[in-house]
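To start, the structure under review is shown below, and the notes come after it.
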Amino acid sequence: MYILQMIIKTQEQLANICATLSQKPYITIDTEFLRDKTFYSKLCLVQLAAPDVDAVAIDPIEFDLDLTPFNELLQNEKVIKVFHAARQDLEIFYQMNGKIPHPIFDTQVAAMVCGYGDSIAYNKLVHDITGHNLEKNAQFTDWSRRPLSDKQMTYALNDVTYLREVYEVLDARLIKQERHHWVDQEMDVLTNPGTYDMPVETIWQRIKIRSDKPEILAILRELAIWREELARKKDIPRSRIMKDEALADIAMYMPKDLNGLSRIRNVPKDAIKNHIGETLLKLVEKARQSDKSTWPQVKRGTPFPRELAPILEMLKLLLKINCSEADVAGKLVANSDDLETIATQKNPDCPALIGWRFEVFGKDALDLKAGKLFLGIKNGQIAKILTTR
């Protein structure tokens with residue numbers, strides 16, 4: 001049975017709770033959704049809470065509600081929307097409304113800035129900050145089935161209930177450490193529509209294939225566009241139409257007829273028997289006959305220079321030292337591409353050398369490479385040693 005008093009069941013209740021929440025400085029938000037049988041995430045539940053407002057849930061499956069008041073709340077610039085690991089939630093709202101909630105605060109990112117390590121799990125963060133142990137046994141239940149149990153509702157509402165204290169503690173730490181702008185830069189990425197819009201023409205780049213020949217990649221691109229458009233139209237997972245391995249194999253072997261197509265191991269036999277087989281062959285031929293100047297060109301990666309490997313290792317060590325000193329997750333400061341760019345390029349240009357990341361790590365990284373900073377042992381500890389040379 002539902003915990004009924006916590007469920008928004010009428011349009012009037014929805015309007016009232018959204019009006020109340022719109023007067024608060026922030027709200028905490030979480031969603032429960034399914035995506036195993038659909039292309040687009042199926043929203044099953046939205047949980048909300050705020051200072052001095054008990055957690056409630058909006059059930060878009062059980063109750064036929066016009067979500068306009070909620071959508072307006074998501075766009076209210078006076079109210080901060082607090083999530084943990086916001087990306088999937090934001091993608092759902094972007095698909096629903098064509099807009100991304102703003103302003104937002106992601107406690108997972110904030111936790112990384114505040115020294116909780118890389119991508120800390122929510123239940124661990126809640127325990128570390130509040131001392132409360134969240135029950136996670138409802139995490140993998142079918143949220144589309146009704147009625148929801150009390151156990152499911154308790155699990156769902158607890159997430160936004162304890163997120164309030166988590167947010168307030170992390171927000172206070174950021175203010176004290178003068179690091180709020182660090183998090184703001186990451187929120188700019190999360191609220192950029194480009195983060196969620198991937199043109200169908202580029203989907204093929206996600207598929208692993210054992211070739212970088214332009215003709216093969218042109219075929220793969222054509223096949224991937226066909227699958228993507230069909231999956232979106234039918235709202236089913238890409239793999240339900242055809243798996244990545246099958247598309248890659250078709251591109252590699254370039255079958256000319258159904259007999260050749262049938263010899264490709266990963267291509268489903270039923271696909272060959274119906275119109276899909278003919279469609280695949282037409283797509284292969286279309287790609288091969290297309291203008292060669294439009295075929296994808298992939299630059300061959302060059303092996304990392306062996307002679308620069310010591311510099312790279314020193315940069316990795318420096319990153320650990322500086323992030324430990326700053327009490328910030330290394331993953332947020334620099335990735336492997338950043339380190340390789342700094343190690344190999346005369347005038348490197350990468351995110352680790354911009355803004356707050358430059359102050360935390362980039363400046364020392366350039367000094368290390370230029371011989372202005374050394375790593376050594378002092379009092380039994382690895383230490384940075386500046387030189388005036």
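The values are calculated or read from the model by the stated rules, or taken from the named source; none is laboratory data. All values derive from a computational prediction rather than experimental measurement. Note that we place each Cβ from the backbone using ideal geometry, even for glycine, and neighbour counts take in every protein chain shown.
Given the conditions (1) hydroxyl-bearing (Ser, Thr, Tyr); (2) modelled with pLDDT under 95; (3) within 30 Å of Val113 (Cβ to Cβ), and given that Ser262 satisfies all but one, which numbered condition is not satisfied?
The failed condition is (3).
Being within 30 Å of Asp54 (Cα to Cα) and touching a helix residue (DSSP H, G or I) at 6+ places or on another chain (Cβ under 7 Å) is the filter here; which residues of the stretch 182-209 pass it?
Taking the stretch 182-209 as the starting set, the residues that turn out to be within 30 Å of Asp54 (Cα to Cα) are 183-184, 186-188, 190-191.
Those that are within 30 Å of Asp54 (Cα to Cα) and touching a helix residue (DSSP H, G or I) at 6+ places or on another chain (Cβ under 7 Å): Val183, Glu186, Leu190.
For the stretch 87-94, state whether one or more residues are in a helix (DSSP H, G or I) and of a type in the set (Phe, Trp, Tyr).
There is at least one residue in the stretch 87-94 that is in a helix (DSSP H, G or I) and of a type in the set (Phe, Trp, Tyr).
Testing Gln152 on (1) assigned to a loop (DSSP other than H, G, I, E, B); (2) of a type in the set (S, T, N, Q); (3) under 29 Å from Gln11 (Cα atoms), one condition comes back false. Which one is that?
Against the list (1) assigned to a loop (DSSP other than H, G, I, E, B); (2) of a type in the set (S, T, N, Q); (3) under 29 Å from Gln11 (Cα atoms), Gln152 comes up short only on (1).
Pull up the stretch 219-273, narrow it to residues that are among the β-branched types (Val, Ile, Thr) and in contact (Cβ under 8 Å) with a residue 24 or more places away in the chain, then point me to the one that is surrounded by the fewest Cβ atoms within 10 Å (Cβ to Cβ).
Top of the filtered list is Ile236.
If you check Glu77, Glu91, Glu72, which single one turns out to be surrounded by fewer than 22 Cβ atoms within 10 Å (Cβ to Cβ), touching a His at 6+ places or on another chain (Cβ under 8 Å), among the acidic types (Asp, Glu) and at pLDDT 95 or above?
Result of the check over Glu77, Glu91, Glu72: Glu77.
Kindly list, by first and then second residue, each pair from a residue in the stretch 173-188 that is within 15 Å of Glu359 (Cα to Cα) to a residue that is of a type in the set (Phe, Trp, Tyr), limited to pairs with Cβ atoms under 6 Å and residues at least 6 apart or on different chains.
Every condition considered, the pairs that remain are Trp182/Trp356.
Please pick out the residue among Pro268, Pro237, Pro214 that is closer than 30 Å to Asn97 by Cα and either in contact with a Lys or Arg (Cβ under 8 Å, 6 or more places away or on another chain) or modelled with pLDDT under 95 (or both).
Numbers: Pro268 fails: closer than 30 Å to Asn97 by Cα; Pro214 fails: closer than 30 Å to Asn97 by Cα.
Step by step, each of Pro268, Pro237, Pro214 is checked, and only Pro237 is closer than 30 Å to Asn97 by Cα and either in contact with a Lys or Arg (Cβ under 8 Å, 6 or more places away or on another chain) or modelled with pLDDT under 95 (or both).
Return only the number of the condition from (1) at negative phi; (2) at pLDDT below 95; (3) out of contact with any helix residue (DSSP H, G or I) (no Cβ under 9 Å at 6 or more places or on another chain) that Gly371 does not satisfy.
(1)
Could you list, in sequence order, the residues of the stretch 103-119 that are assigned to a loop (DSSP other than H, G, I, E, B) and either crowded, with 19+ Cβ neighbours inside 10 Å or outside the structural domain of Val166 (by TED's automatic domain parsing) (or both)? Let's see the steps before the verdict.
Our first condition is that a residue be assigned to a loop (DSSP other than H, G, I, E, B); within the stretch 103-119, this holds for 103, 114-119.
If the condition is that a residue be assigned to a loop (DSSP other than H, G, I, E, B) and either crowded, with 19+ Cβ neighbours inside 10 Å or outside the structural domain of Val166 (by TED's automatic domain parsing) (or both), then Cys114, Tyr116 are the ones that fit.
Would you check if Ile100 is assigned to a loop (DSSP other than H, G, I, E, B) and in contact with a helix residue (DSSP H, G or I) (Cβ under 8 Å, 6 or more places away or on another chain)?
The answer is yes for Ile100.
Take the residues of the stretch 135-157 that are without any contact (Cβ under 8 Å) to a residue 60 or more places away in the chain and buried (at least 20 other Cβ atoms within 10 Å of the Cβ): which is nearest to Asp59 (Cα to Cα)? Let's see the steps before the verdict.
Taking the stretch 135-157 first, the residues without any contact (Cβ under 8 Å) to a residue 60 or more places away in the chain are 135-141, 145, 151-152, 155.
Filter once more, so that each one left must be buried (at least 20 other Cβ atoms within 10 Å of the Cβ): 152, 155.
Numbers: Gln152: 13, Tyr155: 15 Å.
Among those residues, the one meeting the criterion is Gln152.
Regarding Ile29, is this residue modelled with pLDDT of 95 or more and out of contact with any Lys or Arg (no Cβ under 7 Å at 6 or more places or on another chain)? Outline the logic, then answer.
Numbers: modelled with pLDDT of 95 or more: yes; out of contact with any Lys or Arg (no Cβ under 7 Å at 6 or more places or on another chain): no.
Spelling it out, it is not the case that Ile29 is modelled with pLDDT of 95 or more and out of contact with any Lys or Arg (no Cβ under 7 Å at 6 or more places or on another chain).
Any chance the stretch 102-109 includes a residue that's aliphatic (A, V, I, L, M), more than 30 Å from Ile321 (Cα to Cα) and modelled with pLDDT of 95 or more?
Taking the stretch 102-109 and keeping what is aliphatic (A, V, I, L, M), we get 104, 109.
So of that shortlist, the ones also more than 30 Å from Ile321 (Cα to Cα) come out as 104.
If we keep only those that are modelled with pLDDT of 95 or more as well, we get 104.
The answer is yes, given that some residue of the stretch 102-109 is aliphatic (A, V, I, L, M), more than 30 Å from Ile321 (Cα to Cα) and modelled with pLDDT of 95 or more.
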